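> Have a look at the structure that comes next, please.
The values are calculated or read from the model by the stated rules, or taken from the named source; none is laboratory data. Note that the structure is predicted; figures quoted are calculated from it, not measured. Using ideal geometry, Cβ is built from the backbone for each residue, glycine included, and neighbour counts are taken over all protein chains shown.
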Amino acid sequence: MAIEIKVPELPESVADGSIATWHVKEGDTVTRDQNLVDIETDKVVLEVVAEADGVIGKITAAEGDTVQGQQVIGTLEAGGAEKAPAAKEEAPAKAAAPAGTGGETVDVKVPELPESVAEATVATWHVKAGEAVTRDQNLVDIETDKVVLEVVAEADGVLSEIIHGEGANVVGQDVIGKLVKGATAAASEAAPAEATEDKESSDAVSPSVRRLLAEHDLKATDVKGTGKDGRVTKEDVEKHVKSASQTKAAPAPAAAPAPQTVSGNRTQKRVPMTRLRKTIATRLLDAKNSTAMLTTFNEVNMKPIMDLRKTYQKEFEERHGVRLGFMSFYVKAVVEALKRFPEVNASIDGDEIVYHNYFDVSIAVSTPRGLVTPIVRDADTLSLAEIESAIRELALKGRDGKLTLDEMLGGNFTITNGGVFGSLLSTPILNPPQSAILGMHKIQDRAMVVDGEIEILPMMYLALSYDHRIVDGKESVGFLVTVKNLLEDPQRLLLDI
């Protein structure tokens with residue numbers, strides 16, 4: 001049976017997306033919940049997973065193509081996996097080859113850390129001791145305050161020993177493991193003693209299943225898997241959660257008061273905060289406690305920009321190789337407003353106000369590890385296409401944990417777009433030492449009065465949070481009105497008026 005591979009429903013404030021990466025090719029065998037393709041929008045990357053085991057049929061949208069919500073981009077032949085060539089079944093024979101045939105043992109070391117980073121934490125080991133690895137395979141993630149560093153294998157071989165496990169604090173050049181070059185994995189890897197651990201790790205290999213388990217504080221072993229080889233599927237997790245909630249929600253009999261009883265199925269787990277999450281928590285708390293933060297609001301009619309994008313989207317993408325999104329207009333409008341209101345582009349350093357004569361705009365990006373704010377440098381010198389390309393590159397790096405410290409440090413002003421997640425209105429928190437942050441929100445059709453007539457227009461709320469110690473009400477309102485006027489009449493951006 002052929003199953004259509006479709007683009008997920010896009011948020012209302014996102015007009016379209018583009019195919020970022022296909023992780024499979026036509027004819028590839030896939031398993032249920034395996035990530036097939038990444039769909040990139042202005043601010044987030046969406047995963048499209050397989051609905052069932054099978055074989056990839058026709059791929060109808062290539063990487064870089066612009067797509068709409070619910071658009072069919074390929075097909076999956078369900079059950080086709082059983083028809084896959086039998087040659088793949090012979091692969092396990094290699095895993096049974098005896099270990100010890102390898103040569104030199106090399107150290108797996110923590111990379112050199114930047115001068116501003118004292119230590120790091122071993123975040124995730126992607127292989128276990130005794131497993132075979134290939135050259136340049138990512139072995140372990142090392143997490144610092146702001147970035148995640150990958151440590152890859154120097155050569156084909158076997159990871160013979162893990163010296164520092166997950167959660168350990170390490171410094172630059174620490175030896176955290178041993179790799180035997182040229183060795184092959186021993187047959188003992190399949191020993192029954194390790195079967196439970198292997199099952200737990202394979203049960204939740206799908207990113208969507210891992211996220212669902214994390215949302216409900218579950219482990220893969222808590223859920224009975226009905227997928228191939230006992231793997232846990234999204235339906236298994238949802239069924240388990242529903243069953244547990246129905247059990248807890250069962251009404252007590254209406255009888256005389258009795259001593260309160262406690263269910264035996266009341267568990268909790270404690271997970272240490274990652275370094276990135278600790279840093280985010282500290283900075284947000286500092287922003288609330290050390291600034292005189294205030295928020296002012298306005299709204300903007302997005303129809304002119306939406307009409308402009310609709311008219312020139314195809315030609316723009318053909319010419320520049322990148323989609324014309326909303327964020328480039330936001331950045332352009334913000335830069336122009338910062339030129340007119342220098343206090344918003346300034347910061348406080350002790351008893352002095354530092355006025356910046358450059359325009360480095362931080363873009364809030366949601367990543368699997370938390371919120372980060374990489375920077376578009378010298379945004380005033382960039383075209384719309386160059387801004388779109390810069391934001392796309394930063395968003396992909398953020399998703400993959402490859403942002404560098406240089407790409408995160410500094411910034412004069414931050415733009416955050418909660419609208420991609422459906423937020424209608426919010427009060428964004430300052431990103432110290434910056435003096436202001438602009439929140440963009442969901443674009444929603446509303447009835448508006450225009451020249452005495454009621455019209456249905458795509459409206460969006462703007463929220464500017466600012467440090468009242470340096471920015472007065474007049475400047476903050478003037479700044480926000482300037483951004484509103486520029487977005488409602490984008491020709492002003494070209495005419496500099």
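> Quick one: how many residues across segment 155-187 are among the charged types (D, E, K, R) and either surrounded by fewer than 16 Cβ atoms within 10 Å (Cβ to Cβ) or assigned to a strand (DSSP E or B) (or both)? So that I can check it myself, show each step before the final result.
Initially, segment 155-187 is screened for residues among the charged types (D, E, K, R), giving 156, 161, 166, 174, 178, 181.
Subset that is either surrounded by fewer than 16 Cβ atoms within 10 Å (Cβ to Cβ) or assigned to a strand (DSSP E or B) (or both): 161, 166, 178, 181.
Of the residues in segment 155-187, 4 are among the charged types (D, E, K, R) and either surrounded by fewer than 16 Cβ atoms within 10 Å (Cβ to Cβ) or assigned to a strand (DSSP E or B) (or both).
> Can I ask one more? Output yes when any residue across segment 359-375 is under 21 Å from the mean Cα position of the chain (by Cα), among the polar types (S, T, N, Q) and within 25 Å of residue 64 (Cβ to Cβ), and no when none is. First the steps, then the outcome.
Within segment 359-375, the first condition is being under 21 Å from the mean Cα position of the chain (by Cα), and the residues that meet it are 361-375.
Then drop every residue that is not among the polar types (S, T, N, Q), which leaves 362, 366-367, 373.
Keeping just the survivors that are within 25 Å of residue 64 (Cβ to Cβ) gives 366-367.
Yes: one or more hits.
> Sticking with this one: Can you spot a residue in segment 378-391 that is closer than 26 Å to residue 144 by Cα, modelled with pLDDT of 90 or more and assigned to a helix (DSSP H, G or I)?
yes
> Could you tell me whether any residue of segment 439-449 is farther than 28 Å from residue 16 by Cβ, surrounded by fewer than 14 Cβ atoms within 10 Å (Cβ to Cβ) and assigned by TED's automatic domain parsing to the domain that holds residue 362? First the steps, then the outcome.
Of the residues in segment 439-449, the ones farther than 28 Å from residue 16 by Cβ are 449.
After this cut, where a residue has to be surrounded by fewer than 14 Cβ atoms within 10 Å (Cβ to Cβ) as well, the list is 449.
If we keep only those that are assigned by TED's automatic domain parsing to the domain that holds residue 362 as well, we get 449.
Within segment 439-449 (the criterion being farther than 28 Å from residue 16 by Cβ, surrounded by fewer than 14 Cβ atoms within 10 Å (Cβ to Cβ) and assigned by TED's automatic domain parsing to the domain that holds residue 362), the answer is yes, since at least one residue qualifies.
> Consider residue 455 carefully, then state whether it is among the acidic types (Asp, Glu), touching a strand residue (DSSP E or B) at 6+ places or on another chain (Cβ under 9 Å) and over 30 Å from residue 349 (Cα atoms). Steps first, answer last, please.
Working: among the acidic types (Asp, Glu): yes; touching a strand residue (DSSP E or B) at 6+ places or on another chain (Cβ under 9 Å): yes; over 30 Å from residue 349 (Cα atoms): yes.
It is true that residue 455 is among the acidic types (Asp, Glu), touching a strand residue (DSSP E or B) at 6+ places or on another chain (Cβ under 9 Å) and over 30 Å from residue 349 (Cα atoms).
> Just to be sure before I move on: is residue 322 among the β-branched types (Val, Ile, Thr), assigned by TED's automatic domain parsing to the domain that holds residue 427 and in contact with a strand residue (DSSP E or B) (Cβ under 7 Å, 6 or more places away or on another chain) in the structure I sent? Walk me through it before giving the result.
Details: among the β-branched types (Val, Ile, Thr): yes; assigned by TED's automatic domain parsing to the domain that holds residue 427: yes; in contact with a strand residue (DSSP E or B) (Cβ under 7 Å, 6 or more places away or on another chain): no.
Against the criterion (among the β-branched types (Val, Ile, Thr), assigned by TED's automatic domain parsing to the domain that holds residue 427 and in contact with a strand residue (DSSP E or B) (Cβ under 7 Å, 6 or more places away or on another chain)), residue 322 does not qualify.
> Another question about this same structure. Identify the single condition in (1) surrounded by 20 or more Cβ atoms within 10 Å (Cβ to Cβ); (2) farther than 17 Å from residue 300 by Cα; (3) touching a Phe, Trp or Tyr at 6+ places or on another chain (Cβ under 8 Å) that residue 476 does not satisfy, given that it satisfies every other one.
Residue 476 satisfies every listed condition except (2).
> Follow-up. Criterion first (in the same structural domain as residue 175 (by TED's automatic domain parsing), modelled with pLDDT under 85 and surrounded by fewer than 11 Cβ atoms within 10 Å (Cβ to Cβ)) does residue 90 satisfy it? So that I can check it myself, show each step before the final result.
Details: in the same structural domain as residue 175 (by TED's automatic domain parsing): no; modelled with pLDDT under 85: yes; surrounded by fewer than 11 Cβ atoms within 10 Å (Cβ to Cβ): yes.
Considered against the rule, which asks whether it is in the same structural domain as residue 175 (by TED's automatic domain parsing), modelled with pLDDT under 85 and surrounded by fewer than 11 Cβ atoms within 10 Å (Cβ to Cβ), residue 90 comes out as no.
> With the requirement that a residue be at negative phi and in contact with a Leu (Cβ under 6 Å, 6 or more places away or on another chain), what does segment 365-412 give you?
Taking segment 365-412 as the starting set, the residues that turn out to be at negative phi are 365-369, 371-377, 379-400, 402-409, 412.
Correct list: 369, 374, 397.
> Does segment 266-289 hold any residues that are closer than 30 Å to residue 244 by Cα and aliphatic (A, V, I, L, M), and which are they?
271, 273
> Please list, ordered by first then second residue, the pairs with beta carbon atoms under 6 Å, 6 or more apart or interchain, first in segment 55-71 and touching a residue at least 40 places away in the same chain (Cβ under 8 Å) and outside any loop (DSSP other than H, G, I, E, B), second buried (at least 17 other Cβ atoms within 10 Å of the Cβ) and polar (S, T, N, Q).
Qualifying pairs under 6 Å: 57/75; 66/18.
> Considering (1) modelled with pLDDT under 85; (2) surrounded by 15 or more Cβ atoms within 10 Å (Cβ to Cβ), say which one residue 192 fails and leave the rest.
(2)
> A further question on this structure: Any chance segment 238-245 includes a residue that's modelled with pLDDT of 70 or more, out of contact with any Pro (no Cβ under 6 Å at 6 or more places or on another chain) and at positive phi?
no
> Determine the pairs where a residue that is part of a strand (DSSP E or B), located within segment 286-297, has a partner that is surrounded by 14 or more Cβ atoms within 10 Å (Cβ to Cβ) and of a type in the set (Gly, Ala, Ser) with Cβ atoms under 6 Å apart, the partner being 6 or more residues away or on another chain.
If the second residue must be surrounded by 14 or more Cβ atoms within 10 Å (Cβ to Cβ) and of a type in the set (Gly, Ala, Ser), the pairs left are 293/465; 295/463; 295/465; 296/476; 297/463.
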